[in-house]
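> Before we start, here is the structure in question, set down as structure tokens.
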Amino acid sequence: MKHALIVGAGPAGLMAAEILSAAGLSVTLCDAMPSAGRKFLMAGKSGLNLTKDEPFERLLPHYGKSAQWLRPALSGFDATAVQTWARGLGQEIFTGTTGRVFPRAMKASPLLRAWLARLSAQGVLLRTRTRWLGWEDGLAVFDTPQGQERIPADVTLLALGGASWSRLGADGKWSAALAAAGVPLAPFAASNAALALSWTGHMKPWFGTPLKAVRWQAGDVSSRGEAVLSARGLEGGGIYALSAALREGAPLFVDLMPDMERSVLLGAKAPKKGRNLAHWLKSTLRLPAVKAALVFEMLKGAPASRDAWPDAVKNLPIRHMGFLPMDEAISTVGGVTRDALDADLMLHGLPGVFCAGEMLDWDAPTGGYLITACLATGRQAALGALRYLDAAA
């Protein structure tokens, strides 16, 4: 019986284990953490967003510059397939008003338990506290509680995660071993990350308050998602969706009244001299107090003229200091590059070694797209491993 070694027990690694064990291979699944799916469980604490219920051609563009690279994987395991798979694990799911798909339980633990039970029934051996260190003499080397150990395999599939949430196992340290093996890597960078802002004391009463009914803009990318003001900056889906543009240095603007035309604002009566401007914003423009506070914070006072008010409300510049630390980001870009891999996600320089999941250099916003691509690439790499073994037989 052929033996498959999988390193990393997140969504990509677990999906690969499911495919390979179902095909009759002996599968050993190793993870450095004390239990499987640590980051997956954390993602599910506020409601596990499995995917976005939308047609494939609408789903694919959300992967930006990586869309064509990921097309084969996602076409083989799209949003519909994710939902069918979850139901097959006995998990009742539902679709929210925005199309996001969640388990009815609104957490990851029941799904993960069912998944691990399926893998155990299919003969998968899960080894925790087993950290991959690289290769020696063609064998994968691991640090285990009993000391170093070498594990032989006919195929190896790496699903080691990105470089955020290191306490959950995704620390990116694996990159040193792959770099030593000559694998092309892109540097890690934050994605779906909060922005750092240095607020004045004027904003303290608004910490924890969401900015709703707004439109964010960075470069050519816009988002209608909300964001929350925190003591350290801004966080939330509205900001996360702009990660790629913000990484490239695009300035950030917010339209605080996206459903009102600029001409309507120009027609509003200007505030009278000496009148409280915050009150005018609230009573005349009906701007919520938190939005008025943000206007004054970003402009350091009132706009200089009446004609400047529309831009202050419709195109307010957000002066930020970049992303908060990468380890706090929901996901990262960087890792194994597209040109390092063949169409089956096998490393060109290491025959029989495949890569999947967030350790690949692709990007996606929150909203189910991250987990969908991790599952899809885990499946694609596993199918590639089966083709490799068939060809070698």
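> Which of the numbered conditions does R131 fail, given that it passes all the others? Conditions: (1) at pLDDT 95 or above; (2) loosely packed, with under 15 Cβ neighbours inside 10 Å; (3) more than 19 Å from the chain's Cα centre (by Cα); (4) among the basic types (K, R).
Going through (1) at pLDDT 95 or above; (2) loosely packed, with under 15 Cβ neighbours inside 10 Å; (3) more than 19 Å from the chain's Cα centre (by Cα); (4) among the basic types (K, R) one by one, R131 breaks only (2).
> Same structure again: What number of residues in the stretch 243-270 are over 19 Å from the mean Cα position of the chain (by Cα) and either not in a strand (DSSP E or B) or not assigned by TED's automatic domain parsing to the domain that holds V313 (or both)?
Adding up the residues that qualify gives 18.
> Right, next: Identify, by number, the condition in (1) farther than 23 Å from S66 by Cα; (2) of a type outside the set (D, E); (3) outside the structural domain of T337 (by TED's automatic domain parsing) that V221 doesn't meet.
Failing condition for V221: (1).
> Something else about it: Residue check: is G37 in contact with a helix residue (DSSP H, G or I) (Cβ under 7 Å, 6 or more places away or on another chain) and either within 30 Å of P145 (Cβ to Cβ) or touching a residue at least 60 places away in the same chain (Cβ under 8 Å) (or both)?
Answer is yes for this residue.
> Separate question: So Y240 ticks every box in (1) within 15 Å of the chain's Cα centre (by Cα); (2) without any contact (Cβ under 8 Å) to a residue 60 or more places away in the chain but one. Which box is left unticked?
Result: Y240 fails condition (2) only.
> Inspect the stretch 183-190 for any residue being assigned to a loop (DSSP other than H, G, I, E, B) and in the same structural domain as G334 (by TED's automatic domain parsing) and give the result as yes or no.
Yes, the stretch 183-190 contains a residue that is assigned to a loop (DSSP other than H, G, I, E, B) and in the same structural domain as G334 (by TED's automatic domain parsing).
> Just the residues that are out of contact with any His (no Cβ under 7 Å at 6 or more places or on another chain) and within 25 Å of R387 (Cα to Cα), please, taken from the stretch 153-173.
Of everything in the stretch 153-173, those that are out of contact with any His (no Cβ under 7 Å at 6 or more places or on another chain) and within 25 Å of R387 (Cα to Cα) turn out to be V155, T156, L157, L158, A159, L160, G161.
> Among the numbered criteria (1) in contact with a strand residue (DSSP E or B) (Cβ under 8 Å, 6 or more places away or on another chain); (2) exposed (fewer than 14 other Cβ atoms within 10 Å of the Cβ), which one does R167 miss?
(1)
> Determine whether P72 is of a type outside the set (A, V, I, L, M, F, W, C) and within 24 Å of R338 (Cα to Cα).
So P72 fits the description; yes.
> So which residues in the stretch 102-133 are assigned to a loop (DSSP other than H, G, I, E, B) and farther than 16 Å from Q83 by Cα? Walk me through it before giving the result.
Narrowing the stretch 102-133 to residues assigned to a loop (DSSP other than H, G, I, E, B): 104-108, 122-124, 128-130.
Hits for the stretch 102-133 are Q122, G123, V124, T128, R129, T130.
The values are calculated or read from the model by the stated rules, or taken from the named source; none is laboratory data. If you're wondering where the values come from, they're calculated on a predicted model, not measured in any experiment. Neighbour counts run over all protein chains shown; Cβ positions are idealised from the backbone, glycine included.
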